[in-house]
Amino acid sequence: MTSRDDVVASLAEWLDDCPTPAHVVERAAADLTGSGFAEVAALNGDLPEAGFLRRDGSIIAWRTGTPEGAHRIVGAHTDSPNLRVHPAPDIAASGWSQLGVEIYGGVLLNSWLDRDLGIAGRIIDTAGDSILFRSAEAVARIPQLAVHLDREVNEKGLLLDRQRHMMPVWGTRAPAFREWLSDLTGVRDIAAWDAHLFDAQPARVIGADRSLLASARLDNQVSCWAASGALADSTAGEHTLVVVLNDHEEVGSESTTGAAGPILENLLAVIDERHGLGVAARHDRAARSWCLSADNAHAVHPNYPERHEPSHSPLPNAGPALKLNGNQRYATSPRGAARLRTIAAAAGVPLQTFVSRNNMPCGSTIGPITATRLGIEAIDIGIPQLSMHSAREICGAEDPGHLRRLAAAFLDS
């Protein structure tokens, strides 16, 4: 891909194909397979030179190097804040059919109102098999209370109760959710489901100058797309190249498939063992290794400039933002910042710097978790965007391509 239009079209297709983490894993696996990577079901057999392993909403892929090389890791996360269908979701109220949902992560609640919503995810049948599904069209909506019944909403602001006000309607005589899901998938022996509501509007380039990309789940599927694409395009060399796309970052990463879990550590241990490295050599290799933690950053908001640190406010279409925080909410050290700036300059990728205001603490990423767990120094990076954690977000159309080129240059460094 060389032109911006080709890059954006590739990303938009990915975003539209991936309404849930399970779909991200399916798409990444397909792209990697098409680039010659072989899937393995476990790490205790023959490990291919270029391969991948998937676990539920996470996937890890690698291209092995030499015993003398180090590890070059790019990490991102597959999940986004959203609404997830309850195990017993069926509600009948005042002539409406509704679905009970659980709020996942730091959802910007009002952004889900009056929006056409589809349902997607996976089901587990009684044999333990996992089957992906998605509705072909929008089936649900969370209606906002009319202004006539909330006369002061524009002056006093919208107040939403997470339990009472976020249950979508999806008909007036809708079937039971289990019945609907069986009809959609053809699976009658459903044992459990992981069903997510998603914005049914496709990703699209917008703006009078066609300079912006609007979509659901830009945070953090842009980074997943960039990382897996960079690895797919890589070539074998001295260093072992790894991409890990973890689930559950938006709720703390503490799961078997999250960044605080063992997936990455297990793979690196197996590679180190097969390279014949003892304990001391493994520690030395970790000290020579690097991890690029890719997760979107806050672009300066033109309507709220006071919410940003004046000298460190990333702009759209001006390149990814190097994320710094002395309190270790981001993992970037001065050494890491210098390294990435050198890599970006050599690759011709513009690079910005993001620092939060002192009176507005930032969130965190998988970077500090990975660095703490593995002893591998991490660098936090992300493209600037607006409306983070909204049902629909926006970024500069140039920046995803910049991020993918930077990820490729990092793996090659």
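The values are calculated or read from the model by the stated rules, or taken from the named source; none is laboratory data. None of the values given here were measured: they were computed from a predicted structure. All Cβ positions, glycine included, derive from the backbone under ideal geometry; neighbour counts span all protein chains shown. To get the accessible areas, we keep the full protein, side chains included, count just its heavy atoms, and leave off ligands, DNA and RNA. Shrake-Rupley method; radii C 1.70, N 1.55, O 1.52, S 1.80 Å.
Relative to the longest principal axis of the chain, what angle (0 to 90°, nearest 10) does the C-alpha long axis of helix 21-34 take?
On a 0 to 90 degree scale, this one is about 40.
Rounded to the nearest Å, what's the spacing between the alpha carbon centres of the stretch 295-358 and the stretch 32-88? Just the number, please.
27 Å
Using semi-axes √(5λ) of the Cα gyration tensor in Å as the read-out, say which of (i) 38, 37, 16; (ii) 36, 27, 18; (iii) 40, 27, 21 was calculated from these coordinates.
Answer label, from the structure shown: (ii).
Evaluate the charge dipole of the chain about its Cα centre and quote only its size in Debye, nearest 20, assuming +1 on the Cβ of each Lys and Arg and -1 on the Cβ of each Asp and Glu.
So the dipole magnitude of the chain works out to roughly 780 debye.
Nearest 10 degrees, 0 to 90: what angle lies between the long axis of helix 399-411 and the longest principal axis of the chain (Cα atoms)?
Value to nearest ten degrees: 30.
Ignoring any ligand, DNA or RNA, what whole percent of the accessible area of the stretch 1-127 comes from carbon and sulfur when the probe is 1.4 angstrom?
So the carbon and sulfur contribution to the accessible surface is 48 percent.
Report the FRET efficiency, 1/(1 + (r/R0)^6), for Asn327 and His148, where r is their Cβ-Cβ distance and R0 is 41 Å, rounded to 0.05.
E(calc), rounded to 0.05, equals 0.30.
Please list, in chain and number order, the residues 5+ apart from Ala297 or on another chain whose amide H is under 5 Å from its amide H, with Hs placed from the backbone.
Ile383, Gln385
Equivalent ellipsoid semi-axes for the stretch 166-214, as square roots of 5 times the alpha carbon gyration tensor eigenvalues: give them largest first, rounded to whole Å.
For the stretch 166-214, the semi-axes come out at 34, 14, 10 Å.
Rank Thr78, Ser333, Trp193 by how far each Cα sits towards the positive end of the charge dipole of the chain (+1 on Lys, Arg Cβ; -1 on Asp, Glu Cβ) and give me just the farthest.
Ser333
Could you work out which residue, out of Ala318, Ala346, Ala297, moves most in a Gaussian network model of the chain, that is, has the largest mean-square fluctuation with Cα springs under 10 Å?
Ranking Ala318, Ala346, Ala297 by mean-square fluctuation puts Ala346 first.
Can you give me the distance in nm between label points at Asp209 and Glu49, each placed 7 Å from the Cα along the Cα-to-Cβ direction?
4.6 nm
Stretch Asn110-Ala192 to full length: gain in nm at 0.36 nm per residue minus the Cα-Cα span? Write down the numbers at each step before the final one.
Details: separation 82, 0.36 × 82 = 29.52 nm, distance 2.90 nm.
Additional length available on full extension: 26.6 nm.
Looking at the chain, what % of its DSSP beta bridges pair antiparallel, to the nearest 5?
Within the chain, antiparallel bridges account for around 70 percent of the total.
Helix 218-232 versus the longest principal axis of the chain: what angle, 0 to 90°, nearest 10, using Cα atoms?
40 degrees
Given a Förster radius of 45 Å and the C-beta distance between Ala236 and Thr126 as r, what FRET efficiency does 1/(1 + (r/R0)^6) yield to the nearest 0.05?
0.55
With contacts defined as alpha carbon pairs under 8 Å and 6 or more residues apart, what's the relative contact order of the stretch 149-237 in percent?
Values: 23 pairs, mean separation 9.9, N = 89.
Worked out over the stretch 149-237, it gives 11 percent.
Highest mean first, what order results for 155-162, 112-119, 400-407 on Cβ atoms within 10 Å?
Values: 155-162: 10.0, 112-119: 19.1, 400-407: 25.1.
Output ranking for 155-162, 112-119, 400-407: 400-407, 112-119, 155-162.
How much length is gained on full extension from Leu184 to His301, taking 0.36 nm per residue of separation minus their Cα-Cα distance?
Extra length from Leu184 to His301 when fully extended: 38.0 nm.
Out of the total accessible area of the stretch 281-413 (probe 1.4 Å, heavy atoms of protein only), what percent is carbon and sulfur?
Ligands and nucleic acids excluded, carbon and sulfur reach 52 percent.
Under a 1.4 Å probe, what is the accessible area of the chain per residue, stated in Å²?
Result: 44 Å² per residue.
With charges only on Cβ, +1 for K and R and -1 for D and E, what is the dipole size of the stretch 61-138 about its Cα centre, in debye, rounded to 20?
On the way: 6 positive and 9 negative charges, 58 e Å.
Its charge dipole is roughly 280 debye.
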